[in-house]
1. Quick one: in region 168-200, which of the residues that are modelled with pLDDT of 90 or more and in a loop (DSSP other than H, G, I, E, B) is farthest from the chain's Cα centre (by Cα)?
2. Hey, any hits in region 227-238 for a residue that's closer than 24 Å to Pro175 by Cα, at pLDDT below 90 and touching a Cys at 6+ places or on another chain (Cβ under 6 Å)?
3. Which members of region 35-92 meet the condition of being hydroxyl-bearing (Ser, Thr, Tyr), free of Cβ contacts under 8 Å to residues at least 60 places away in the same chain and open to solvent by less than 90 Å² (accessible area, probe 1.4 Å)?
4. Kindly check whether there is at least one residue in region 201-216 that is farther than 30 Å from Pro162 by Cα, touching a residue at least 40 places away in the same chain (Cβ under 8 Å), assigned to a helix (DSSP H, G or I) and aliphatic (A, V, I, L, M).
5. Please give the number of the condition Ser254 fails out of (1) within 25 Å of Leu140 (Cα to Cα); (2) modelled with pLDDT of 90 or more; (3) not charged (D, E, K, R).
6. Write out, first by first residue and then by second, each pair whose Cβ atoms fall under 7 Å of each other, whose residues are 6+ apart or on separate chains, and whose first residue, in region 114-140, is crowded, with 16+ Cβ neighbours inside 10 Å while the second is basic (Lys, Arg) and in a helix (DSSP H, G or I).
7. For region 183-212, how many residues meet the condition of being hydroxyl-bearing (Ser, Thr, Tyr) and open to solvent by 20 Å² or more (accessible area, probe 1.4 Å)?
8. Can you tell me how many residues in region 287-311 are of a type outside the set (Phe, Trp, Tyr), in contact (Cβ under 8 Å) with a residue 40 or more places away in the chain and closer than 19 Å to Gly77 by Cα?
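The values are calculated or read from the model by the stated rules, or taken from the named source; none is laboratory data. These numbers were taken from a predicted model, which means no experiment stands behind them. Every residue, glycine as well, gets a Cβ built from its backbone with ideal geometry; the counts of neighbours run over all protein chains shown. Quick note on the areas: whole protein, heavy atoms, side chains included, nothing else; ligands and nucleic acids left out. Shrake-Rupley method; radii C 1.70, N 1.55, O 1.52, S 1.80 Å.
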Amino acid sequence: MSTVTPDPLAPAPIDRQGIRLGDVLFKGIAFVAAVGVTAVLGLLTYEVFSLAWPAIEEFRLSFIWTQGWNPNSNVYGALVFIYGTIVTSVIALLLATPLSIAIALFLTEIAPGRVAAPIATMVELLAAIPSVVLGLWGILVFGPWVANHLEPFLNTWFGFLPIFSGDPSQAGILPAALVLTIMIIPITSAICRELFSRVPRDLSDGSLALGSTRWEAIRRVAIPYAAPGISAAVLLGLGRAFGEAIAVTQVIGSGNTINESLFPPGDTLGSRIASSYIGASTAIEAQSLLYLAAILLVISLVTNVSAQAIVNRFQKARRMSTG
C-alpha cells in the first residue's frame, strides 16, 4: 500500500466551513448601507410631511388645483407650479430623449474610437457644470437669443398654435424647458451609451450577415435589446428635470398665472420653493411651501418607482420570450 507524501510547498487548504471575518464584515456593511438609505428616505419623507401638515390640514387636497399665490391675502395654491413643472419637464424630455439616443448611437455604432472618446467626455462634462452657472448663461446669453431669434421664428411660422403665440420673452416656460433639456442630456445619453455598448456583438453581426443595413441592425437589434434601460434612463432624466430648481429659477421668470403660450414667465415647484422659503414672512407661507415640497417629493418617488416597474416588466417579457 503506497502513501502520498504531502508537498510542503503546496498552499494550505482553505477552510470554507468556518465563519470568515471578511464575509461577516462585508454582509454587515452592505446591510447597514441598505437599511441606512431606506431610513434616510423614510425620515426625509416624514419630516417634509410633518412640517407641511398644518398647511395640509388647512387647505387639504384643494391646494393642488387652486390657482393663486398671494401671501398678503393668505391665498395659496399649487396649480400654477405643478403646471409649470410638468410642462417644462415634458418639453425637456421630448427634446432630450431623441438627442440622447442619437448621441449614444453615434458614439457606440458610428464614430471611431479616437473620435468617440473625446466627444463622450465633452458630453459628460455638461453634467459637471453647476446649475447656477448654467442659469447665469441662460440669463445672459441663451435667454436673449431665444427672445430675439427662436421665439420670433416660432411665432412667425407656428403662431396659429396657442403655445407659440404672444410676445417673445427672454424669461419664460420655453427658455426654462430648453435649459432643462441641456441639463438632462448628459445623464440620459451616458446611460444609453452604456446600454448600447453592452448589446452582444454577435446579434448585430448576425443581423448584418443576413443582409440588414446598419440602420436596420440598430433598429431591430440594438434598440429593442436596450429598450428597458432606455426607458429607465428617460424616466431618470424626467426625475432630474422635475427636481431642478436653481437654473430654472433664473430663467423662468416667476409668473403666477397659467398661460397657453410658452413665451410668458411661469414657475415650477422647485423654483418657487428655492426662491421663497428663506423669505417666507408667516408660518402658513412656510408650511405651504413645504406642502409644495411634499407634492414634488411624491412626483419624484412615483417617477422613480415607475422607472423600476418598466424595467422589471421588460425583463419579465424578455425572459418569457427567450425561455
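1. The qualifying residue farthest from the chain's Cα centre (by Cα) is Pro168.
2. yes
3. The first filter runs over region 35-92 and keeps only residues hydroxyl-bearing (Ser, Thr, Tyr), leaving 38, 45-46, 50, 62, 66, 73, 76, 83, 85, 88-89.
With free of Cβ contacts under 8 Å to residues at least 60 places away in the same chain added as a condition, the list becomes 38, 46, 50, 62, 66, 73.
The answer is Ser50, Ser62, Thr66, Ser73.
4. Restricting attention to region 201-216, the residues satisfying the condition of being farther than 30 Å from Pro162 by Cα are 201-216.
Among the residues that remain, those that are also touching a residue at least 40 places away in the same chain (Cβ under 8 Å) are: 214.
Checking which are assigned to a helix (DSSP H, G or I) leaves us with 214.
Checking the rest, the ones that are also aliphatic (A, V, I, L, M) come to none.
No, because not a single residue in region 201-216 is farther than 30 Å from Pro162 by Cα, touching a residue at least 40 places away in the same chain (Cβ under 8 Å), assigned to a helix (DSSP H, G or I) and aliphatic (A, V, I, L, M).
5. Going through the list (1) within 25 Å of Leu140 (Cα to Cα); (2) modelled with pLDDT of 90 or more; (3) not charged (D, E, K, R), Ser254 breaks only (2).
6. Ala120/Arg193
7. At the first step, the residues of region 183-212 found to be hydroxyl-bearing (Ser, Thr, Tyr) are 188-189, 197, 204, 207, 212.
Applying the additional criterion that residues be open to solvent by 20 Å² or more (accessible area, probe 1.4 Å) yields 197, 212.
Residues that pass the stated criteria total 2.
8. So the count comes out to 10.
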